[in-house]
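Contents: one structure, followed by commentary.
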Amino acid sequence: MRIKIAMLIPVYLAFKVIYFAASETLDDWSLCSRPCGGGVAFREKCTTAADGESVCVEDLKVCNIESCEGTPNPDAWSEMCEQKRTERYQQLNNFAPLLIESEMCRLACFSDDQDGLYKIFEDIQLPDGTQCREDAVCVQGTCQSFGCDGIVGSTSSNDVCQKCGRDGSTCTKEEGQITIGVTETGIDLDVMEIPEGSTTIEIRKPKDKNIFAIEGSRQTEDRSSSVDFEYSEENDLEIIRIPGPTRDIVSVLLRSAEEGPVTMKYTYFIPNDRKTEGNQSEYSWATTPLGDCSVRCGGGIQNLMINCIKTSTGLIYTDSYCADKVKPSYQRVCNTNECKIR
């Protein structure tokens, strides 16, 4: 089936712009070239000008990139290496795909049987749709990138809401920082919870002996509570990133190994159509002393860390959950007792 799209093409004549009607037709996508392990589908796109002249190009789309593990259909790369082993290297027990940067879409196979024997078959191109990078596939022997829409050559990318080709207007940014006081080592401290459905999560803390921990809030028979995340170190910071959207509430924990205050900064985005879960009366501001009073008597100042918590659990949430309540001061007067002169 073809889809017909009307458009106007401007033609400039003697400083006047005259618009001639033109049309564009799109074929349906073909079947994917492979059932799993990476393939491509194609369709023809033709533009016909008012004078009847047509120009047609072929679109390629990545499809079925899921691993073939556990199915009777191995991925194309492994399949071809095994075929070469059977044909020419039967003395080897294994012949596995090998990624060589300069020859990403040429067949290269590796065996650990004979001190790392490998062979590049320069005359053999990997099948179209074989994944050569995370965001690229082989097309006619070259590694070509694809966008979030799956179209080869497309520059479309996900926005902060993890919506393909959108402008980030469908979600709202939450950001802030949390300071917790580590008073005991060797325990897991609950730091905060990030709502289900959140995207583009980033949590930063200074490098120290304390360890980040991330986990999902629920675990069922058919689904693990684990959360996929990326850990990195930049300058003096440790950073965890989770693209999302998260399927469950994400719990951020700190495995304590060093006493003292730890400050974490966070950003994430929540969909605009998701309201704060529960009643805001369930949340309140909590104050925790940071260090001792500045003096022993006569009235001093003590610094406080202020966090919005869920009253029933004590877990920290973003400040927006306590927006209907007056936030306490970050300092309080202490040791107001009169100083005695000896």
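The values are calculated or read from the model by the stated rules, or taken from the named source; none is laboratory data. What you see is a predicted model; the values in this text were computed from it and never measured. All Cβ positions, even for glycine, are placed from backbone atoms using ideal geometry, and neighbour counts span all protein chains on display. Quick note on the areas: whole protein, heavy atoms, side chains included, nothing else; ligands and nucleic acids left out. Shrake-Rupley method; radii C 1.70, N 1.55, O 1.52, S 1.80 Å.
Key figures
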{"read-out": "Complete set of residues in the stretch 97-118 that are under 21 Å from Gln144 (Cα atoms), of a type in the set (Gly, Ala, Ser) and at pLDDT below 80", "value": "Ser102"}
{"read-out": "Residue list for the stretch 159-173, restricted to those being open to solvent by 30 Å² or more (accessible area, probe 1.4 Å) and either within 15 Å of Ile270 (Cα to Cα) or not in a strand (DSSP E or B) (or both)", "value": "Val160, Gln162, Lys163, Gly165, Arg166, Asp167, Ser169, Thr170, Thr172, Lys173"}
{"read-out": "Filtered residue count, the stretch 156-195, keeping only those that are within 19 Å of Arg247 (Cα to Cα), out of contact with any Leu (no Cβ under 7 Å at 6 or more places or on another chain), touching a residue at least 60 places away in the same chain (Cβ under 8 Å) and not aliphatic (A, V, I, L, M)", "value": "9"}
{"read-out": "Scan of the stretch 304-323 for residues that are under 17 Å from Val252 (Cβ atoms) and surrounded by 14 or more Cβ atoms within 10 Å (Cβ to Cβ), ordered by number", "value": "Met305, Asn307, Cys308, Ile309, Lys310, Leu315, Ile316, Tyr317, Thr318, Asp319, Ser320, Tyr321"}
{"read-out": "Qualifying position, being polar (S, T, N, Q), touching a helix residue (DSSP H, G or I) at 6+ places or on another chain (Cβ under 8 Å) and assigned to a loop (DSSP other than H, G, I, E, B), among Ser294, Ser284, Ser312", "value": "Ser312"}
{"read-out": "Number of the condition not met by Pro328 [criteria: (1) assigned to a loop (DSSP other than H, G, I, E, B); (2) open to solvent by less than 20 Å² (accessible area, probe 1.4 Å)]", "value": "(2)"}
{"read-out": "Residues (of a type outside the set (D, E, K, R), open to solvent by 50 Å² or more (accessible area, probe 1.4 Å) and touching an Asp or Glu at 6+ places or on another chain (Cβ under 9 Å)) located in the stretch 95-132", "value": "Pro97, Gln131"}
{"read-out": "Every residue from the stretch 209-246 that is modelled with pLDDT of 85 or more, in a loop (DSSP other than H, G, I, E, B) and either touching a Leu at 6+ places or on another chain (Cβ under 9 Å) or exposed (fewer than 14 other Cβ atoms within 10 Å of the Cβ) (or both)", "value": "Lys209, Asn210, Asn235, Asp236"}
{"read-out": "Subset of the stretch 281-303 that is in contact with a Phe, Trp or Tyr (Cβ under 9 Å, 6 or more places away or on another chain) and more than 15 Å from Arg332 (Cβ to Cβ) - its residue that is most open to solvent (accessible area, probe 1.4 Å)", "value": "Glu282"}
{"read-out": "Residue ID - nearest to Glu24 (Cα to Cα), chosen from residues in the stretch 46-69 that are surrounded by 16 or more Cβ atoms within 10 Å (Cβ to Cβ) and within 32 Å of the chain's Cα centre (by Cα)", "value": "Asp59"}
{"read-out": "Gly181 being assigned to a strand (DSSP E or B) and open to solvent by less than 70 Å² (accessible area, probe 1.4 Å)", "value": "yes"}
{"read-out": "Residue pairs meeting the criteria (Cβ under 9 Å; at least 6 apart or on separate chains; first touching a residue at least 24 places away in the same chain (Cβ under 8 Å), in the stretch 87-107; second open to solvent by less than 50 Å² (accessible area, probe 1.4 Å) and in a helix (DSSP H, G or I))", "value": "Leu92/Arg85; Leu107/Trp77; Leu107/Met80; Leu107/Cys81; Leu107/Lys84"}
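Every residue, every condition in (1) modelled with pLDDT of 90 or more; (2) more than 30 Å from Asn303 (Cβ to Cβ), yes or no:
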site	(1), (2)
Gly141	no, yes
Val152	no, yes
Asn158	yes, yes
Gln162	yes, yes
Gly165	no, yes
Thr170	yes, yes
Glu175	no, no
Thr179	no, no
